1. Starting from the Kirkwood radius over alpha-carbon pairs of segment 20-103, derive D by Stokes-Einstein at 37 °C in a medium of 0.692 mPa s and give it in µm² s⁻¹.
2. Under a crude label model (7 Å from the Cα following the beta-carbon direction), how far is M65 from H48 in nanometres?
3. How big is the gap, in Å, between the Cα center of segment 19-35 and the Cα center of segment 75-107?
4. For a Förster distance of 22 Å, can you work out the FRET efficiency between the beta-carbons of R36 and I56, rounded to the nearest 0.05?
Amino acid sequence: MGKGRIPHHTEEKMSQATAMPPVKMYATQVCPYCVRAEQLLRMRGVTHIEKIRVDIDPAKLDEMMRLTGRRTVPQIFIGDYYVGGCDDLHALDSEGRLAALLSAPDA
Ligand SMILES: N[C@@H](CCC(=O)N[C@@H](CS)C(=O)NCC(=O)O)C(=O)O
């Protein structure tokens with residue numbers, strides 16, 4: 001690392017913090033749909049996903065069901081915007097609306 005440079009991972013977090021709303025995903029450890037959703041988010045430039053593990057925290061499962069009315073994972077939020085699950089995320093992307101959401105300062 002060059003003199004005066006900040007570590008790469010810190011730069012990533014900072015650039016996302018200024019350019020993107022936070023991305024939150026309710027998930028379980030074994031979950032192919034969560035992996036698929038995460039892959040798409042990464043492809044669209046998301047460097048940090050706050051993962052909330054509903055399989056190890058029943059209170060978080062309750063919270064997820066209260067907020068979304070659903071019990072499957074993933075359940076994804078971009079800022080305050082509720083996206084839905086993996087299929088919903090892909091649909092949003094196909095409609096060309098995901099990039100706009102990710103670039104909104106406060107979705
Ligand atoms: N159509 C949903 C499917 C999600 C799904 O089936 N997730 C699995 C885990 S990968 C799940 O939550 N299964 C538990 C259940 O169906 O109750 C999506 O796109 O998110």
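1. 259
2. 3.1
3. Comparing the Cα centres of segment 19-35 and segment 75-107, I get a distance of 12 Å.
4. Values: r = 21 Å, r/R0 = 0.96.
It comes out at approximately 0.55.
All of the numbers you see were taken from the coordinates with simple rules; none came from a lab. Everything numeric here is computed off the predicted structure, so don't read it as measured data. Reconstructed Cβ throughout: ideal geometry from the backbone, glycine too, with neighbour counts over all protein chains shown.
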